[in-house]
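Worksheet for the structure shown next.
The values are calculated or read from the model by the stated rules, or taken from the named source; none is laboratory data. Please read all numbers here as calculations on a predicted model, not as lab measurements. Virtual Cβ from ideal backbone geometry, glycine too; neighbours counted across all protein chains shown. Accessible surface is based on the protein model in full, side chains and every heavy atom, while ligands, DNA and RNA are left aside. Shrake-Rupley method; radii C 1.70, N 1.55, O 1.52, S 1.80 Å.
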Protein chains: 2
Amino acid sequence: MDVTIYEVARRAGVSIATVSRTLRGTGPVAAKTREKVLKAVEELNFTPSRLGVSLAEGRHAANGVVFPDLAGPYYAEVLLGYEEVASELGRSVIILSTKGRTRVGDLIKDLAGRVDGMLIFGHTVPEPLVAELVRLGVRLVFVSRDPLPGADTLRSENTASARALAAHLADHGYERFAFLGAPLTSHDDVDERWRGVRSVLGGAIEAVDTGHYTVECGHEAATKLLKGRDRPRAIVCSDDEVALGALLAAEELGLDVPGDVAVTGWDDIMAARHARPALTTVRQPMRELGARAARALDELITGVRDTPSHHTLATAPVIRASCGHHPQEVRT
Amino acid sequence: MDVTIYEVARRAGVSIATVSRTLRGTGPVAAKTREKVLKAVEELNFTPSRLGVSLAEGRHAANGVVFPDLAGPYYAEVLLGYEEVASELGRSVIILSTKGRTRVGDLIKDLAGRVDGMLIFGHTVPEPLVAELVRLGVRLVFVSRDPLPGADTLRSENTASARALAAHLADHGYERFAFLGAPLTSHDDVDERWRGVRSVLGGAIEAVDTGHYTVECGHEAATKLLKGRDRPRAIVCSDDEVALGALLAAEELGLDVPGDVAVTGWDDIMAARHARPALTTVRQPMRELGARAARALDELITGVRDTPSHHTLATAPVIRASCGHHPQEVRT
DNA sequence: CCGCCGGGTGAAAGCGCTTACAGACATGCG
DNA sequence: CGCATGTCTGTAAGCGCTTTCACCCGGCGG
């Protein structure tokens, strides 16, 4: 990777400008000259240095993606959708996970210096830093957070599906519910889900904090909940991983799902379909979320659009076995 | 992001060389000068352009990761382990998925121009291109492929664990087995698993091709297999996703697992533990695979080591419910 | 009092490319 | 035949940084 445009030019007997023009198709080049250049390029196996190109062009042709973790399938799926489109658009994707990182600010700033724009998940980045990035003119797209000025936001619908899910559970005839989720403080997806559910179930549902959205935390919180008196008849979980933890807890306690207690998740990750029993959840178009984010970012970078856009993608409940018995078996 | 080192120098009343020296701590700088420079940096909120630094330094401080897909949890996990260490070592990671891509060669070459080295999964990249990359002097680490000259390889153990798994199944008293996997042609992980299993079970096991390592392919192949006459008593799957497909197939056909047919997977992905029934599988240290790869690549790049190394990480069967009934319940 | 040494600094040469600008050379027209 | 008009090509100025080299200057030993 250390043959430069100068060597090509020398070998072809032309100037580096001509080589550049030939390769990029900018400006006129005589057919004979082009041929000579291409031949030299071929022989030397020349690939323009990305660094040189970027420096001269003043753009990176790369995007960043910032996420808290890749452990669950959610981020991986969105990332995948993103990468596919970004690559199509000729941009590389640089990833940055913030989990367990100290000095996230520095990492983000370094990243900002390597890309033309970035996708940031939810509230991964502290608000002041977000403001600074916006001020610096970094093109930003946020996935799954509430709209903010100066950047695109993209998320999937929560409230309506939460209502639909709650209504479905109510139809099963249950009367006491619990909502298992992480801190319900910030304006994030889970908060909206909680509010959607509560708007239907009202005082019949109580919120329980799990700390994090993981199987372990769900397991722990559910165990406590199910062991206690006044065990809820149905547990609505903030996401699938917490729900899987709840399922495990019920199993260990010898409780039948959905006979003794119903459980629902959110996201429809791979494991949901295969769980014991199959998990009723809400499907998020994760890959499309990523794909749309990539296109949005591209618009921002190329300047096709300069006013922030805020979109919400539709979601839908996926009714499986964990929420209760259904007359005719539904299979997904 | 457009304040340059020149502006800082002007504001601090020094030359750009001094600014650079101050910031990088290379060369002597008088305390008073340093202070002036730092003050100017602070006021202008200066961050050195990554492009400029890289061009001058002749290195990218970035690594690439090439994988076929991020759909399953396997790649995501390895990637996560990789990113964590790479970031610790001050390197960004650029991802490239080859799934459904045409002109993979160009993509890889472009990537090669953006990084100091890369991690490539298995046989994602066509062999001639691998050779070219090696020839070009790109630092390479391959994960889960057989050793090749000129690059590091890192994989997890297959044969011994496959034998152990097969022995365990034999202990259950089964006599007819099937191996469900993708084309057993290349020298890859699955091939080793197959040979390990067969070395124990001999003629009692037959291989069935699934085409791809996906739930759908596993489902399809297993359905055919289980519907046919001479249904095997146990199905050893090439990986967890195929196994999940097999589990689904058995369920649909009204067959009890492990009562009517036993099923095992490989990888111990998240869904394995939660499957109906919990899936017996082999645990691969996915995250560690990634972490080790990152360190190996770093050694290659920094020049600490220049001879390729080839390592194999240990794996172990995880016995759960899908392989048969066990006297005392094992829970993981 | 002289010469040396070394800390501190700046000028300038890259790093590999793109592109504005200008020059060279044909060609076509009046 | 002269000139305008193109077409093609080369020169050189960046892009933002690192680093070598040379230089200046004060302090020290001789």
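Mind listing the phi-derived Karplus ³J(HN,Hα) values for the stretch B:225-234, rounded to whole Hz, using 6.51, -1.76 and 1.60 with θ = phi - 60°, and x for any glycine or proline?
Here the 3J(HN,Hα) series is 5, 6, 7, x, 6, 6, 4, x, 7, 8 Hz.
Using each residue's phi in the stretch A:151-167, evaluate 6.51 cos²θ - 1.76 cosθ + 1.60 at θ = phi - 60° and report the 3J(HN,Hα) Karplus result to the nearest Hz, with x for Gly and Pro.
8, 6, 9, 8, 8, 10, 5, 10, 4, 4, 5, 5, 4, 4, 5, 4, 4
If each of A:ASP146 and B:HIS123 carries a label point 7 Å out from its Cα toward its Cβ, how far apart are those two points in nm?
So the label points at A:ASP146 and B:HIS123 sit 5.3 nm apart.
Is there a quick way to get the dipole size of the stretch B:192-276? I mean about its Cα centre, with the Cβ of Lys and Arg at +1 and of Asp and Glu at -1; what is the value in debye to the nearest 20?
Dipole of the stretch B:192-276, to the nearest 20 debye: 340 debye.
Provide, for q = 0.14 Å⁻¹, the log10 of I(q)/I(0) from a solvent-free Debye sum over equal Cα point scatterers in the stretch B:69-143.
-0.45
For the ranges B:314-326, B:14-26, what's the packing order if you count other beta-carbon atoms within 10 Å of each residue, average per peptide, and put the highest first?
Listed from highest to lowest mean packing, they are B:314-326, B:14-26.
Note the distances from B:GLU42 to each other copy's matching label point, with points 7 Å along the Cα-to-beta-carbon direction, in nm, sorted shortest first.
Label-point distances to the other copies, shortest first: 6.0 nm.
5 Å is the cut-off here: which amide hydrogens, built 1.01 Å from N in the peptide plane, fall below it relative to B:THR312, excluding neighbours closer than 5 in sequence?
B:ARG155
Along Cα-to-Cβ, 7 Å out, sits the label point; list in nm, shortest first, how far the one on B:THR307 is from those in the other copies.
6.6
Please report, largest first and rounded to whole Å, the three semi-axes of the ellipsoid equivalent to the stretch B:5-48, where each semi-axis is the square root of five times an eigenvalue of the C-alpha gyration tensor.
14, 10, 9
Between A:ARG305 and A:LEU89, take the C-beta separation as r, use R0 = 22 Å, and let me know the FRET efficiency to the nearest 0.05.
Given R0 = 22 Å and the Cβ-Cβ separation, E is 0.90.
For the stretch B:186-322, place one equal point scatterer on every Cα, skip the solvent, and apply the Debye formula. What is log10 of I(q)/I(0) at q = 0.16 Å⁻¹?
-0.83
Can you pull the percent of the stretch A:1-115's accessible area that's carbon plus sulfur, 1.4 Å probe, other chains left in place?
Taking all protein chains in place, the stretch A:1-115 shows 52 percent carbon and sulfur surface.
Taking R0 as 25 Å, what's the FRET efficiency between B:ARG24 and B:ASP2 from their Cβ-Cβ distance, rounded to 0.05?
So the FRET efficiency works out to roughly 0.75.
Between B:HIS212 and B:LEU136, what is the FRET efficiency for a Förster distance of 41 Å, r being their Cβ-Cβ separation, to the nearest 0.05?
Using R0 = 41 Å, I get an efficiency of 0.85.
Quick one: which residues, 5 or more positions from A:ALA262 or on another chain, have an amide H under 5 Å from its amide H? H modelled 1.01 Å from N in the peptide plane, none for Pro or chain starts.
A:ALA234, A:ILE235
Considering only DSSP beta bridges whose two residues both sit in the protein assembly as shown, what percent are antiparallel, to the nearest 5?
Of those bridges, close to 10 percent are antiparallel.
Would any residue of the stretch B:205-239 have its amide N under 14 Å from a label point 7 Å out along Cα→Cβ of B:LEU255? List them or say none.
B:206, B:208, B:218-237
Mean 1/r over all different Cα pairs, inverted: what Kirkwood radius does the stretch B:1-107 give, in Å?
16.8 Å
Net charge near A:ARG34: determine it from the other residues with C-beta under 13 Å of the C-beta of A:ARG34, scoring Lys and Arg +1 and Asp and Glu -1.
With Lys, Arg at +1 and Asp, Glu at -1, the net is +3.
If each Cα of the stretch A:161-248 is one equal point scatterer, what is log10 of I(q)/I(0) from the Debye formula at q = 0.15, 0.17, 0.22 Å⁻¹?
Results for the stretch A:161-248 at q = 0.15, 0.17, 0.22 Å⁻¹ read -0.48, -0.62, -1.06.
Taking 8 Å as the Cα distance limit and 6 or more residues as the minimum spacing, I'd like the relative contact order of chain A as a percentage.
Across chain A, relative contact order equals 17 percent.
5 Å is the cut-off here: which amide hydrogens, built 1.01 Å from N in the peptide plane, fall below it relative to B:ARG139, excluding neighbours closer than 5 in sequence?
Excluding prolines and chain starts, which carry no amide H, the hits are B:MET118.
Measuring from a point 7 Å out along Cα→Cβ, what nm distances, shortest first, does A:ASP171 have to its partners in the other copies?
Taking the point 7 Å beyond Cα along Cα→Cβ, the inter-copy spacings are 4.8 nm.
Sort largest first and round to whole Å: the equivalent ellipsoid semi-axes of the stretch A:270-332, each the square root of five times a Cα gyration tensor eigenvalue.
For the stretch A:270-332, the ellipsoid semi-axes come out as 37, 11, 7 Å.
In what sequence, highest mean first, do B:130-143, B:29-42 appear when ranked by Cβ atoms within 10 angstrom?
Result, highest mean Cβ count within 10 Å first: B:130-143, B:29-42.
Equivalent ellipsoid semi-axes for the stretch A:96-214, as square roots of 5 times the alpha carbon gyration tensor eigenvalues: give them largest first, rounded to whole Å.
35, 15, 10
List the relative contact order of the stretch A:5-48 as a percent without decimals, with contacts defined as Cα pairs under 8 Å and 6+ residues apart.
Computed value for the stretch A:5-48: 44 percent relative contact order.
What three numbers, in Å, describe the spread of the alpha carbons of the stretch B:38-79 along their principal axes, ordered from the longest?
49, 23, 11
Would you kindly calculate the mean projected area, averaged across all directions, of the convex hull enclosing the Cα atoms of chain A, in square nanometres?
21.2 nm²
For the stretch A:105-110, just list the computed ³J(HN,Hα) in residue order, Karplus coefficients 6.51, -1.76 and 1.60, θ = phi - 60°, integers in Hz, with x standing in for Gly and Pro.
Values, residue by residue: x, 5, 4, 5, 5, 4 Hz.
Quote the Stokes-Einstein diffusion coefficient, in whole µm² s⁻¹, for the protein assembly as shown, based on the Kirkwood radius over alpha carbon pairs, a temperature of 4 °C and a viscosity of 1.567 mPa s.
D, rounded to a whole number, is 48 µm²/s.
Rank by packing, highest mean first: peptides B:119-125, B:228-234, with packing defined as the count of other Cβ atoms within 10 Å averaged across residues.
In descending order of packing, they fall as B:119-125, B:228-234.
Rounded to the nearest 500, what is chain B's calculated 222 nm mean residue ellipticity when only DSSP H runs of at least 4 contribute -39500 (n - 2.57) each, over all residues?
Taken over chain B, the calculation gives -13500 deg cm²/dmol.
Between A:SER15 and A:THR312, what is the spin-label point distance in nm, taking each point 7 Å from the Cα along the Cα→C-beta axis?
About 5.9 nm separates the two model spin labels.
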